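The structure appears below as structure tokens.
The values are calculated or read from the model by the stated rules, or taken from the named source; none is laboratory data. No experiment lies behind these values; they were computed from the predicted model shown. Cβ coordinates were reconstructed from backbone atoms using ideal geometry, including for glycine residues, and neighbour counts include every protein chain displayed.
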Amino acid sequence: MKRRLDVLVCSGAACASAHSQAIRDKLQAQLVSHGLDEEVQIIETGCMGPCEMGPIVLVYPEGVFYVHLTPADVEEIVEEHFLKGRLVERLLWESPEARRLAQEKRQLPFFDGQEKVVLSNCGQIDPENLEEYIAADGYAALGRVLSEMSPDEVVASIQASGLRGRGGAGFPTGQKWLFVAQESGNEKAVVCNGDEGDPGAFMDRSLLEGDPHTVLEGMAIGGYAVGADHGYIYVRAEYPLAIKRLKRAIEQARQAGLLGPNVLETGFSFDVELRIGAGAFVCGEETALLESVEGNRGTPRPRPPYPSTSGAFKQPTLISNVETWGNIRHIVLQGPEWFRSIGTEKSPGTKVFALSGNVCNTGLVEVPMGTTLRQLVFDIGGGIPNGKKIKAVQTGGPSGGCVPAEYLDTPIDYESLKELGTIMGSGGVIVMDEDSCMVNIAKFFLDFSCEESCGKCTPCRAGLPQMLDILERITSGEGRLDDLARLRELGETINETSLCGLGQAAPNPVLSTLQHFEDEYRAHVEQGKCPAMACRTLIVYEIDAAACKACDRCRKECPVDAISGQPGKPPYSIDAEPCIRCGQCQLVCPFDAIHKTSRQAVTHRAQQQGS
Amino acid sequence: MKLEDLRKIRERASKDLNLRKGDARVRIVVGMGTSGIAAGARDVLAAFLDEIAKRDLTDVVVTQTGGRGLASSEPVVEIHVREKPIVVYGNVDRDRVGRIITEHVVNGQAIEEFVIEVREP
């Protein structure tokens, strides 16, 4: 019997943690009990992108998404949709809009404007099924280079494509390939950097989980081009699903003769080993990663020598990020001209971003370079929730900076972002609304970098805590007038004198917020005020006596018994001393009677009343 | 595995991805409302799937819809051929399924005697 429905169950980490497995199991059981298991096939895929909507099920040929599913919804979908052909409206993504768009074969706004190259298989095929990958032209690029191209031609093709490193720095990938290819010696290595560690970043994880063979194929092509017969994939232990799927993919590829000795019976040999990292952020820095691959403590090495001359085990090494490897097979199959036709002149191709923070459609997206931040946040991301205004977009994680709302029309490419004081980074994009305090955000990222500093060089080990101290002081209202100048001086010194990229870039979140939001820093230092009302020591919660109905909800909710009052006898009051400013009372108040006020305003009022 | 083997796997396996590509030449829509099911639409649907598998037709998908109100003519089946008017057949049974596949889906000739409606897409 021919299959009539493909039911794709997203099992990316976000959906998996929302129990997509239970939904899959229930689906399977329901299909069997309705005798539909031959004509309807369940496929577990990698991340489909709209993580906010998870758990997600995508049904073909209709192409409709069921979202926010629970196992209890499964029976209705099977009986109504699979059996009788009636879509279950209440579970559709954007009912009835989704239905109309799906019927017209057009796309939902979230997908419109995206261009999936690297992620083309993610959420479309079963990552644990080698045949599905092959069906989607998998290993055809490897076959082509091995049978039709010389290693030099492959290097030239990657150079011509203009591909730049997707780990963040944007170094021309083809040039790296050329450097390693030109090295003499028989022992060379290829390395995939999967040590994704930025807060809010999940691009690499999603690709490794959703389409592991694409990365393996890219590495094998790289190995052939530069003359390496082995490679390492470095993934952190916090990514168990990516590790499981990679292991399985490597095993399948070996069994099929796509990895190992004599690949595709062409005489070329290439094999890949998996290295599991313990989760140190510094290991995302390439020389520290190579130390870790060798089994040593992950600390950076001075450069030069660069990895292209002396990398893993002193061999010339071609090291690139997961997403960079994910581009290779597409460039080989469709040609460098095609690749250059996407994106901008200096930054060709697409970029995968992990959208998070104060944005409606959090998730994984892929857009052509040159797309503006506004398109990313508003057209694809669906804008800011709860009617709030956008304040800034953070890119590049702890190594990047904040782009203020007035620059939202900046096209995303390596150079434009650098001009604004931030970096492309690996693809984490955190959207911040008007309630975010930029000083606090800078403190968050700096705290992260302090924690993750490996301690090898003094500027990073000793300088970052100094900066953090100053930020702690400012956010608690005890900043001094020369603190801003001192932050700049420290930041610039650490940037110039640190050994590796982590230290050099760690002051960026502070320097970029100082550049664009100096007013906010000044308000903290000069007036003891947090304009966004986010820094807890600078605010107090107050009850509006006129609005309070003495319902007792806030008093019951308060975890530190800071609220007093008697039911039915308004108003209640909050004692600022024990209050920890958790904001729970404000959330539960049904009468909108509890508000945040700046501590400084309250003190001022008290002084006036006293005098 | 040789290059040749890789090509063979791709040809065989890519048929399995057809459903997800959304570019089928023919869409067969079986009415599965209550009256359709009571009149044997489940069986008709299964017959289409068997027939398509038997002939290895890769550019045809089968979907369902609710009843359109033609209870007396159930099971009702619509044949959507790309860029052609939609042809609706009534009182479809297993025998008719075979003829619809050979004459209409494969050879492009609608079977006049079973047609109950022709409409623009």
Count of the range A:36-54 residues which are under 15 Å from A:Ile125 (Cβ atoms) and away from every other protein chain (no Cβ under 13 Å): 4
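Whether any residue in the range A:287-298 is outside any strand (DSSP E or B), closer than 30 Å to A:Ile134 by Cβ and either in contact (Cβ under 8 Å) with a residue 60 or more places away in the chain or of a type in the set (A, V, I, L, M) (or both) is what I want to check.
yes
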For the range A:410-450, which positions are touching a residue at least 24 places away in the same chain (Cβ under 8 Å), among the small types (Gly, Ala, Ser) and over 17 Å from A:Leu511 (Cβ atoms)? A:Ser426, A:Gly427, A:Gly428, A:Ser436
Residue set A:Phe353, A:Phe339; condition in contact with a strand residue (DSSP E or B) (Cβ under 9 Å, 6 or more places away or on another chain) and under 29 Å from A:Val67 (Cβ atoms); output residue A:Phe353
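Conditions tested, residue by residue: (1) in contact with a Phe, Trp or Tyr (Cβ under 6 Å, 6 or more places away or on another chain); (2) surrounded by fewer than 24 Cβ atoms within 10 Å (Cβ to Cβ).
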| position | (1), (2) |
| --- | --- |
| A:Ile221 | no, no |
| A:Ile233 | no, no |
| A:Glu238 | no, yes |
| A:Leu241 | no, yes |
| A:Phe281 | no, no |
| A:Pro316 | no, no |
| A:Ile331 | yes, no |
Checked the range A:372-395 for anything within 14 Å of A:Asn358 (Cβ to Cβ) and surrounded by fewer than 20 Cβ atoms within 10 Å (Cβ to Cβ); matches are A:Phe378, A:Gly382, A:Gly383, A:Pro385, A:Asn386, A:Gly387, A:Lys388, A:Lys389
Determine, yes or no, whether B:Gly40 is more than 8 Å from chain A (Cβ to nearest Cβ), in contact with a Gly (Cβ under 7 Å, 6 or more places away or on another chain) and at pLDDT 80 or above. no
Counting just the residues of the range A:499-508 that are of a type outside the set (A, V, I, L, M) and in contact with a Ser or Thr (Cβ under 8 Å, 6 or more places away or on another chain), which one comes out nearest to A:Pro305 (Cα to Cα)? A:Cys500
Please determine whether any residue of the range B:81-88 is facing another protein chain (nearest Cβ under 9 Å) and surrounded by fewer than 19 Cβ atoms within 10 Å (Cβ to Cβ). no
Flagged in the range A:504-527 as in contact with a strand residue (DSSP E or B) (Cβ under 8 Å, 6 or more places away or on another chain) and closer than 17 Å to A:Arg480 by Cβ, in numbering order, are none
When only residues in the range A:244-267 that are more than 17 Å from A:Gly326 (Cβ to Cβ) and away from chain B (no Cβ under 14 Å) count, which is surrounded by the most Cβ atoms within 10 Å (Cβ to Cβ)? A:Arg248
Answer yes or no as to whether A:Arg486 is touching a Gly at 6+ places or on another chain (Cβ under 7 Å) and free of Cβ contacts under 8 Å to residues at least 24 places away in the same chain. no
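Sort through A:Trp338, A:Trp325 and tell me the only one that's without any contact (Cβ under 8 Å) to a residue 12 or more places away in the chain and assigned to a helix (DSSP H, G or I).
Numbers: A:Trp325 fails: without any contact (Cβ under 8 Å) to a residue 12 or more places away in the chain.
From the options A:Trp338, A:Trp325, the qualifying one is A:Trp338.
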Contact list, first residue from the range A:112-140 and basic (Lys, Arg), second anywhere and not in a loop (DSSP other than H, G, I, E, B), beta-carbon distance below 6 Å, six or more apart or interchain, is A:Lys116/A:Glu366
May I ask you to verify whether B:Gly36 is touching a Pro at 6+ places or on another chain (Cβ under 6 Å) and more than 17 Å from A:Val40 (Cα to Cα)? yes
Which numbered condition in (1) in contact with a Pro (Cβ under 7 Å, 6 or more places away or on another chain); (2) surrounded by 24 or more Cβ atoms within 10 Å (Cβ to Cβ); (3) not hydroxyl-bearing (Ser, Thr, Tyr) is the only one that A:Ala181 fails? (2)
Filtering the range B:62-85 down to residues that are outside any loop (DSSP other than H, G, I, E, B) and either closer than 23 Å to A:Lys2 by Cα or modelled with pLDDT of 90 or more (or both) yields B:Val62, B:Thr63, B:Gln64, B:Thr65, B:Val77, B:Glu78, B:Ile79, B:His80, B:Val81
Residue that is farthest from A:Leu258 (Cα to Cα), among those in the range B:1-26 that are crowded, with 17+ Cβ neighbours inside 10 Å and more than 7 Å from chain A (Cβ to nearest Cβ): B:Val26
I need a count of the residues in the range A:74-108 that are more than 23 Å from A:Arg3 (Cα to Cα) and either assigned to a helix (DSSP H, G or I) or modelled with pLDDT of 90 or more (or both). 7
Out of curiosity, is B:Arg96 part of a helix (DSSP H, G or I), away from chain A (no Cβ under 11 Å), among the basic types (Lys, Arg) and over 30 Å from A:Ala140 (Cβ atoms)? yes
The range B:51-68, residues that are at the interface with chain A (Cβ under 7 Å from one of its Cβ atoms) and surrounded by fewer than 16 Cβ atoms within 10 Å (Cβ to Cβ): B:Ala53, B:Gly66
Screening A:Ala545, A:Ala523 for residues that are outside the structural domain of A:Leu408 (by TED's automatic domain parsing), without any contact (Cβ under 8 Å) to a residue 40 or more places away in the chain, farther than 22 Å from A:Pro465 by Cα and crowded, with 18+ Cβ neighbours inside 10 Å leaves only A:Ala523
So B:Ser35 clears everything in (1) at the interface with chain A (Cβ under 9 Å from one of its Cβ atoms); (2) in a helix (DSSP H, G or I); (3) not aliphatic (A, V, I, L, M) except one condition, right? Which one? (1)
Any idea how many residues of the range A:1-35 are closer than 14 Å to A:Val74 by Cα and within 14 Å of chain B (Cβ to nearest Cβ)? 4
Output for the range A:204-250, where each listed residue is among the hydrophobic types (A, V, I, L, M, F, W, C), touching a Lys or Arg at 6+ places or on another chain (Cβ under 9 Å) and within 30 Å of A:Glu153 (Cβ to Cβ): A:Leu208, A:Ile221, A:Val226, A:Ala228, A:Ile233
Considering only the range A:414-430, I want to know if a residue exists there that is in a helix (DSSP H, G or I), surrounded by fewer than 21 Cβ atoms within 10 Å (Cβ to Cβ) and in contact with a strand residue (DSSP E or B) (Cβ under 7 Å, 6 or more places away or on another chain). yes
Some residue of the range A:180-193 being farther than 27 Å from B:Arg7 by Cβ and within 17 Å of the chain's Cα centre (by Cα): yes
